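**Q** Here you go, one structure.
The values are calculated or read from the model by the stated rules, or taken from the named source; none is laboratory data. What you are looking at is a predicted structure, and each value in this text was computed from that prediction instead of being measured. Positions of Cβ are generated from backbone atoms using ideal geometry, with glycine treated the same way; all protein chains shown enter the neighbour counts.
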Amino acid sequence: MILYKKISKEDRILAKDKKIFVCSECGYESPKYWGKCPDCGNWNTFSEFSKKELDLVNSKSSVFTPKVTNLKDVNTKEDMRFTTSISELDNVLGGGIVASSLVLVGGEPGIGKSTLLMQTAHNVSMIGKRVLYASSEESLSQLKLRLDRLDLKGSDILVLSNTDIEQIIESAKENKADLLIIDSIQTVRSANIPSAPGTITQVRECTNLLMNFAKATNTSVFIVGHITKQGTIAGPKTIEHMVDTVMYFESESNSSLRILRLSKNRFGSSEEIGVFEMTRKGLECVTNPSRLLLEDRENRSYGSVICSIMEGNRSVLIEIQALAMMSSFQVPRRVSTGFEYNRFVQILAVIEKMTNVKLHSTDVYLNVVGGVRVKETASDLAVACAVISSMLKKEIPINTIIIGEVGLCGEIRKINNIFKRIKEANSLGFKKAIIPRNSLDEHEDISNLNIEIIEISTLKECVFKLFNN
């Protein structure tokens, strides 16, 4: 005989109010406590919440009730975008700020996020748009000091120092703001959630309210977010799907160069980057990053090679340096900065197999100058030539650019956008370009460019033509 236990009303309430543990860094949810998060790897980041509290955000009805509209009647041309008058930022956003968009800007403390957004607020206000800059980290006097330091005269920016997200949204509605800037999402809170600012539930609820406000009122919203130890915006799994654009502000230590990189963009390419230089008067656009990255290069030095990489639709010339020396260890060291380590080791194996250069007892160090991170394979040949140049102690001509992908059999493979890369090199005064054979299309005419093209098929052929050995 099977006995059934009668469940009381109190038991049902307790069953519904289950406890759940949430990682404060990445938003990972688990029914049990973890010392180390199995998703992001951070320690002691789990906090206990009730399932009822977490579901509160999603179950809340929106305060905005949009009306149903036929899709063919939607106007996408009128005031769809407006410029920030910052060319690099406009380029990253795909041509300007899209009305009713929600943009998340992340970066390390002090890298220049607030400076960029203050300059953006100033420029947008100067074209007649109403801008509300809501800071929960600084007072109004501190905001005014920054405005004066950046020498942004004639600004008509509305400012607010408040941590209550509902009050901030209400102020934006009352003032009919075209652009709302929240600095930052980790320091604002909603009165509907009984927890401290910066928690997963608070970040989720505040972002949800901002998203509903942006879509209902056609207001563009910029959100500042801090990053975790792994270099990602805190709580990305919680809010990344809510926003339209995610941007990261990056910088190498002790460098004035700033790179604005996209990881998501619903209104344009996610491959574009913006390059800025931090000066005493704020951030200035770098329209020609190649010239800036190459300005400190020595005239002649072995182990140094120039190559071209594509960042979005832009060709950027970078310097790759290699240092090869006899190892004093039983196992030689291989160190790569700015270039994928596994691919670096793979290129070293191809060098030793396909040329007469022996590296089995040699320490090899590789560095991409300027803190640039190289992802595409077009720099493979430049890496190989830099290592061989350092090993043989033979300089590569300073007016030579090297482009190509190295295969495991030593062949040099074709790459995309070769004409755009050569054109950029020619504009900077380079006289020779070593490229894969048959890379240029028939319609790409380089006869009007003052640059010699040297086509190669294998790594061995490249070494012979470059070093005459």
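**Q** Name, by its number, the condition in (1) over 20 Å from Cys462 (Cα atoms); (2) part of a helix (DSSP H, G or I) that does not hold for Asp363.
**A** The single condition Asp363 does not satisfy is (2).
**Q** In segment 162-208, what residues are more than 27 Å from Glu29 (Cα to Cα), surrounded by 16 or more Cβ atoms within 10 Å (Cβ to Cβ) and of a type in the set (S, T, N, Q)?
**A** Ser171
**Q** For the list (1) in contact (Cβ under 8 Å) with a residue 24 or more places away in the chain; (2) out of contact with any helix residue (DSSP H, G or I) (no Cβ under 6 Å at 6 or more places or on another chain), I need the number of the one condition that Gly410 fails.
**A** Status for Gly410: all satisfied but (2).
**Q** Could you identify the single residue in Ser114, Ser161, Ser139, Ser135 that is under 25 Å from Ile259 (Cβ atoms), in contact with a Ser or Thr (Cβ under 6 Å, 6 or more places away or on another chain) and not β-branched (Val, Ile, Thr)?
**A** Among Ser114, Ser161, Ser139, Ser135, only Ser135 is under 25 Å from Ile259 (Cβ atoms), in contact with a Ser or Thr (Cβ under 6 Å, 6 or more places away or on another chain) and not β-branched (Val, Ile, Thr).
**Q** While we're looking at this one, here's another question. Would you mention how many residues in segment 413-456 are in contact with a Pro (Cβ under 9 Å, 6 or more places away or on another chain) and surrounded by 15 or more Cβ atoms within 10 Å (Cβ to Cβ)?
**A** Residues meeting the conditions: 6.
**Q** If you go through segment 209-247 one residue at a time, how many are surrounded by fewer than 19 Cβ atoms within 10 Å (Cβ to Cβ), at pLDDT 85 or above and assigned to a strand (DSSP E or B)?
**A** The qualifying residues number 0.
**Q** Report every pair of residues separated by at least 6 positions or lying on different chains whose Cβ atoms are under 8 Å apart, first residue within segment 195-222 and among the aromatic types (Phe, Trp, Tyr), second buried (at least 23 other Cβ atoms within 10 Å of the Cβ) and assigned to a loop (DSSP other than H, G, I, E, B).
**A** From residues that are among the aromatic types (Phe, Trp, Tyr), the pairs are Phe213/Thr219.
**Q** Moving to a separate point now. Could you go through segment 353-368 and let me know if any residue there is buried (at least 16 other Cβ atoms within 10 Å of the Cβ) and without any contact (Cβ under 8 Å) to a residue 24 or more places away in the chain.
**A** Among the residues of segment 353-368, not one is buried (at least 16 other Cβ atoms within 10 Å of the Cβ) and without any contact (Cβ under 8 Å) to a residue 24 or more places away in the chain, which makes the answer no.
**Q** Grab the strands (runs of 3 or more DSSP E) fully contained in segment 248-319, keeping just those with 2 or more residues being at pLDDT 90 or above and of a type in the set (S, T, N, Q).
**A** 304-311
**Q** How about segment 111-184: which helices (runs of 4 or more DSSP H) wholly inside it have at least 2 residues that are of a type in the set (Gly, Ala, Ser) and in the same structural domain as Val275 (by TED's automatic domain parsing)?
**A** Passing ranges, in order: 113-126, 165-174.
**Q** Which ones in segment 114-135 are small (Gly, Ala, Ser) and without any contact (Cβ under 8 Å) to a residue 60 or more places away in the chain?
**A** Ser125, Gly128, Ala134, Ser135
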